[in-house]
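> One structure, pasted below without further comment.
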Amino acid sequence: QQSIYFHRLHTNSEADEAIFIPEFGDETIYEVDISDDQQWLYILGEPLKGSNFIDVRAVDQPNAPFVRLVDVDVNDTNTYLIHGKGAEHILWTDRESPRGRLVKVSLGESNWTEFIPESVDVLNTATVICDRLICEYYNGFCQYVIVFDLNGQELRRIYPPGEVGVAVAEGEEVAAAP
């Protein structure tokens, strides 16, 4: 059974702090993520039966309970965290959009705001790199990328030549060397 602990480097594992311990018999696969601004701790759960969920809590409040950011109560839908900064969180979902779309949700609000609407092409994945939203689409013949700013304004389309595939990488922004 999976559990989530906080481990400080160069310390003994007996000192690890429990972050999340599920109930006995829980058949959920868990992942942990931190928002880009390192303000939020996410627990992403994918039950073996049912739809996934996303729980969140502030990093600087270790004793606070997790809050359910997304509870996908509709079977056969998926929702994944793409980006979190401040109170806003960008999610990819196929809920009410079988080809995928991006929505924004704020903590404490149950309403999703459409951010990047569903297209005629399939939105396979998205990630944020250097404050740019990189979206990978597939139109049935080829893959291509659309780059957006974090306000949803399209900046550029990139169509690879020939039969080249597209892979969207993830990474952390680092300061430039002096």
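> How about the range 129-144: which of its residues are over 18 Å from the mean Cα position of the chain (by Cα) and either modelled with pLDDT under 80 or open to solvent by less than 80 Å² (accessible area, probe 1.4 Å) (or both)? Break it down stepwise before answering.
Initially, the range 129-144 is screened for residues over 18 Å from the mean Cα position of the chain (by Cα), giving 138-144.
Passing the criteria: N139, G140, C142, Q143, Y144.
> Among the listed residues D149, D121, identify the single one that is charged (D, E, K, R) and in contact with a Phe, Trp or Tyr (Cβ under 6 Å, 6 or more places away or on another chain).
On the way: D149 fails: in contact with a Phe, Trp or Tyr (Cβ under 6 Å, 6 or more places away or on another chain).
The match here is D121.
> Same structure again: Only one of (1) over 12 Å from the mean Cα position of the chain (by Cα); (2) at pLDDT 80 or above; (3) open to solvent by less than 20 Å² (accessible area, probe 1.4 Å) is not met by F6, so which one is it?
Here F6 meets the rest and fails (3).
> Just to be sure, is D37 more than 18 Å from G152 (Cα to Cα), loosely packed, with under 12 Cβ neighbours inside 10 Å and among the acidic types (D, E)?
Working: more than 18 Å from G152 (Cα to Cα): yes; loosely packed, with under 12 Cβ neighbours inside 10 Å: yes; among the acidic types (D, E): yes.
So D37 passes the test.
> Any chance you could count how many residues in the range 119-128 are open to solvent by 60 Å² or more (accessible area, probe 1.4 Å) and either in contact with a strand residue (DSSP E or B) (Cβ under 7 Å, 6 or more places away or on another chain) or within 30 Å of P65 (Cα to Cα) (or both)? Steps first, please.
From the range 119-128, those open to solvent by 60 Å² or more (accessible area, probe 1.4 Å) are 120, 124; that's our starting set.
The next check asks that each one be either in contact with a strand residue (DSSP E or B) (Cβ under 7 Å, 6 or more places away or on another chain) or within 30 Å of P65 (Cα to Cα) (or both); those that pass are 124.
Going through the range 119-128 one residue at a time, the tally reaches 1.
> Pairs only if they're at least six apart or on different chains, beta carbon under 8 angstrom, first in the range 7-20 and farther than 17 Å from V59 by Cβ, second of a type in the set (D, E, K, R); list them, first residue then second.
A15/R8
> In addition: Collect the residues in the range 97-117 that are farther than 25 Å from G86 by Cα and not hydroxyl-bearing (S, T, Y), keeping them in residue-number order.
Looking only at the range 97-117, we keep the residues that are farther than 25 Å from G86 by Cα, and these are 97-99.
Selection gives P98, R99.
> Hey, can you tell me all the residues within the range 63-104 that are at pLDDT 85 or above, in contact with a strand residue (DSSP E or B) (Cβ under 6 Å, 6 or more places away or on another chain), outside any strand (DSSP E or B) and surrounded by fewer than 21 Cβ atoms within 10 Å (Cβ to Cβ)?
Hits for the range 63-104 are A64, F66, R99.
> Filter the range 118-151 down to residues that are among the small types (G, A, S) and without any contact (Cβ under 8 Å) to a residue 40 or more places away in the chain and give me whichever is nearest to G86 (Cα to Cα).
At the first step, the residues of the range 118-151 found to be among the small types (G, A, S) are 119, 126, 140.
Imposing the further condition that a residue be without any contact (Cβ under 8 Å) to a residue 40 or more places away in the chain reduces the set to 119, 140.
Numbers: S119: 27, G140: 36 Å.
Only one residue tops the list, namely S119.
> In addition: Quick check: anything in the range 52-62 open to solvent by 80 Å² or more (accessible area, probe 1.4 Å), more than 12 Å from the chain's Cα centre (by Cα) and closer than 24 Å to Y137 by Cβ? Step through it out loud before you land on a result.
Going through the range 52-62, the residues open to solvent by 80 Å² or more (accessible area, probe 1.4 Å) turn out to be 60-61.
Subsequent filtering for residues that are more than 12 Å from the chain's Cα centre (by Cα) retains 60-61.
Still in the running and closer than 24 Å to Y137 by Cβ: none.
No: the range 52-62 contains no residue that is open to solvent by 80 Å² or more (accessible area, probe 1.4 Å), more than 12 Å from the chain's Cα centre (by Cα) and closer than 24 Å to Y137 by Cβ.
The values are calculated or read from the model by the stated rules, or taken from the named source; none is laboratory data. Keep in mind that this is a model prediction, so the values were computed, not measured. With ideal geometry, Cβ positions are generated from the backbone for all residues, glycine too; neighbour counts draw on all protein chains shown. These area figures cover heavy atoms from the full protein model, side chains too; ligands, DNA and RNA do not enter into them. Shrake-Rupley method; radii C 1.70, N 1.55, O 1.52, S 1.80 Å.
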